[in-house]
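Working notes for the structure below.
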Amino acid sequence: MFDKAHHSAGQNRRLGFMVSLVDWDDLRFFLAVARSGSFSVAARSLRVTQSTVGRRIASLEAAMGARLLHRTTEGYVPTEAGEAILSHVERVEAETLALVRAVQGYDSRLEGNVRVAAPDFVASRLLVPAFSALNLRFPKISIELLQSGAWQGFSAKECDLSIRAGRFEQPDLVVRLLGRLSFRLYASAGYLAAHGHPNFDDACEGHRLIVGDTMSGPTEAAWLQAMTGRATIALKAASFETLLGAVASGYGIAALPRFVAESTIYPALVRLTPPTPAPHVELWLGVHRETRSSARVRQVIDAAAKAIAAQERLLNPPDIGLVSPVSEVVSHVALRASA
């Protein structure tokens, strides 16, 4: 007669034996390869050698008694067994990160590392001065600034807090609106002298456009398409500094934040006047609930929020009554182009 209790006990013993053979750290290596499809990419993300990745994967497969990854012409993909454990391994990762964040949340020390992800123009022009002042007050707080896309989501694996354009969508984050950025279209005086003033009724047909990711939100992208949809995309730039340098060099037209484009650093940039102004881009901060109460994270959040709030009129200046060399150059070039 089949003894269910005996059979179940036997299964549990075998499962317990397999669990004792699995090095939980090997699961990180499997997850990195499964996500990237590459041993070399996984090695870089884990900061180990490619041979170490291969060795750890082999160790995990030996412990599990099954092949977990299959090599194809397009890279490594999970086998059927690998697919079966993938979601479980992702839950292990999520729970491990939650455990770490929960412990960090009780950390009252004003020391240690805080990783902040932000678009490069926000980091260099707004955050760095604020963090420099913070370091004078709390020299044991070390900040790691990570460059991220303007609309990039939050990755708890990579950062402690993140600043981006547009509200975060993850439900487990505490979010905060930091401010609004005013954007306009710009070109260099040299570009306009050579190509003429763009006709926005024709969506800038015949002109060159430089695009980044700051205007890639749905509302912003729709506005940019309406104003410049017939222009030729001459350059795509992931870096804001590259975008800014390209406009200043006469490469083409681009949407830029006014607080940068209309500074004295770039006197040759000309603000254009489309019939519909660009929508404001909101800056949001996101942090996990478990880590927001950490003393060092709290100090960094406050420093970032105060720095951006203090620059409110610079980041989102009023148009009413604004008379600048920028508008004069626009009028001069427009008249010359139409003559």
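Nothing in this text is a laboratory measurement; each read-out follows from the coordinates by a stated rule. Everything numeric in this text was worked out from a predicted model, so none of it was measured. When we count neighbours, we look across all protein chains shown, and the Cβ atoms used for this are built from the backbone with ideal geometry, even at glycine.
Out of residues 5 or more away from Leu173 or on other chains, whose amide H comes under 5 Å of its own, with H placed 1.01 Å from N in the peptide plane?
Placed amide hydrogens put nothing under 5 Å from Leu173.
At 25 °C and 0.890 mPa s, what whole-number value in µm²/s does Stokes-Einstein give for the translational diffusion of the stretch 113-196, with Rh from the Kirkwood sum over Cα pairs?
162
At what distance in angstrom do the alpha carbon centres of the stretch 225-295 and the stretch 193-213 lie from each other?
The stretch 225-295 and the stretch 193-213 have Cα centres separated by 16 Å.
Explain nothing, just compute: Karplus ³J(HN,Hα) = 6.51 cos²θ - 1.76 cosθ + 1.60, θ = phi - 60°, for every residue of the stretch 72-82 in order, whole Hz, x for Gly and Pro.
Going residue by residue, I get 10, 5, 9, x, 8, 10, x, 6, 4, 5, x Hz, with x marking Gly and Pro.
Simple spin-label model, 7 Å along Cα-to-Cβ: Ser124 to Ser249 in nm?
Label-label distance for Ser124 and Ser249, simple model: 1.4 nm.
Across the stretch 162-173, in residue order, what do the Karplus-derived ³J(HN,Hα) couplings come to in whole Hz, using 6.51 cos²θ - 1.76 cosθ + 1.60 with θ = phi - 60° and x for Gly and Pro?
Going residue by residue, I get 9, 10, 8, 7, x, 5, 6, 9, 5, x, 8, 9 Hz, with x marking Gly and Pro.
For the stretch 203-327, report the translational diffusion coefficient in µm²/s to the nearest whole number, using Stokes-Einstein at 25 °C, 0.890 mPa s, and a Kirkwood Rh over Cα pairs. All intermediate terms of the calculation are to be shown ahead of the outcome.
On the way: Rh = 16.7 Å.
Answer, rounded: 147 µm²/s.
When you count, for each residue, the other Cβ atoms within 10 Å and take the mean per peptide, how do 113-120, 58-65 rank with the highest first? Write out the running numbers ahead of the final one.
Details: 113-120: 20.2, 58-65: 15.5.
Final packing ranking: 113-120, 58-65.
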